[in-house]
Amino acid sequence: MSRFAGLLLTALLAGCAAPGPVSAPVKDAPLTSANGESFALDGRLSVHYGDDSLSGKFAWTHAPERDEVSLASPLGNQIAQIVRDNAGVTLTNSDKQQFHARDVETLTETRLGWRMPLAGLIDWVRGRPQGATAAVQRDAAGRPATIREDGWVVELSYDGEARQPHRLFLNYTRAEKPLDIRIAIDTRG
C-alpha cells in the first residue's frame, strides 16, 4: 500500500471517530513576515495524485521564523501537523509519530505521498509570485491569474474586487504522477 493510500485510509478511518478540532493558529508568536505582513488562514484542501485523492481542512499560521500547518479530515480529525522553524521541519502524524527534514516539500512528499509547496504558497495565497523569474498572466483587474514557477502552475480565483485570492488551483508539472492541489480559503487573519 502506498504512503498516500495509507494516509487516505487513516483519514477515512479517523472520520469514523468522534470529530476533533483542527489545531488553532499559534497565538503567542508574532505574525510578521519578512515584508511586515501577517497572516493566518484556514480553509479546505483537496489533493489528487495519480489515482489517489484526499480532501480535508487546513489551518495555517505563517511568520518568517515559523510556519504551523494542521491538516484534518473533512470531519475535523487531525491527520498531520507540520511545523517549520529555524531547526527545520517536523511532521507529526495522527499516531503522534514525528518525522524531520530540512524542507516541507521533501518531508510531505516522503511522508504524505505528495509535495506541499509551502515556500511558494507563502506568496501565492497573497496573490503574488514567489520570485522575480515567475511567468505571470494577469486578469482584467491586473491581479495575477496564473503563476508559473518552480514546476508549478498556479491558477488564482478572486471574489469580486478582492486583491488576494479565495481559491488556488495548483498543478505540479514535474511530478511522476499528475499532482493537483485545490485550496479554498475560508478565513484570513
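What the table shows:
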read-out: Top-ranked residue of region 96-115 - restricted to ones that are in contact with a helix residue (DSSP H, G or I) (Cβ under 6 Å, 6 or more places away or on another chain) and within 10 Å of ILE82 (Cα to Cα), ranked as surrounded by the fewest Cβ atoms within 10 Å (Cβ to Cβ); value: PHE99
read-out: Residue among ALA140, ALA132 that alone is over 17 Å from the mean Cα position of the chain (by Cα), part of a loop (DSSP other than H, G, I, E, B), within 27 Å of PRO64 (Cβ to Cβ) and free of Cβ contacts under 8 Å to residues at least 12 places away in the same chain; value: ALA132
read-out: Residue that is nearest to LYS57 (Cα to Cα), among those in region 152-166 that are touching a residue at least 24 places away in the same chain (Cβ under 8 Å) and not in a strand (DSSP E or B); value: PRO165
read-out: In region 89-103, the residues that are in contact with a Lys or Arg (Cβ under 6 Å, 6 or more places away or on another chain) and either modelled with pLDDT under 95 or of a type in the set (Phe, Trp, Tyr) (or both); value: PHE99
read-out: Complete set of residues in region 167-180 that are surrounded by fewer than 17 Cβ atoms within 10 Å (Cβ to Cβ) and either touching a residue at least 60 places away in the same chain (Cβ under 8 Å) or part of a loop (DSSP other than H, G, I, E, B) (or both); value: THR173, ARG174, ALA175, GLU176, LYS177, PRO178, ASP180
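Yes/no matrix, rows are residues, columns are (1) buried (at least 20 other Cβ atoms within 10 Å of the Cβ); (2) part of a strand (DSSP E or B):
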| residue | (1), (2) |
| --- | --- |
| GLY43 | no, yes |
| HIS48 | no, yes |
| LEU54 | yes, yes |
| PHE58 | yes, yes |
| HIS62 | yes, yes |
| ASP67 | yes, yes |
| SER70 | yes, yes |
| GLY76 | no, no |
| GLN81 | yes, yes |
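The values are calculated or read from the model by the stated rules, or taken from the named source; none is laboratory data. Model, not experiment: these values are computed from the prediction. Neighbour counts are summed over all protein chains in view; Cβ atoms, including those assigned to glycine, are modelled from backbone coordinates with ideal geometry.
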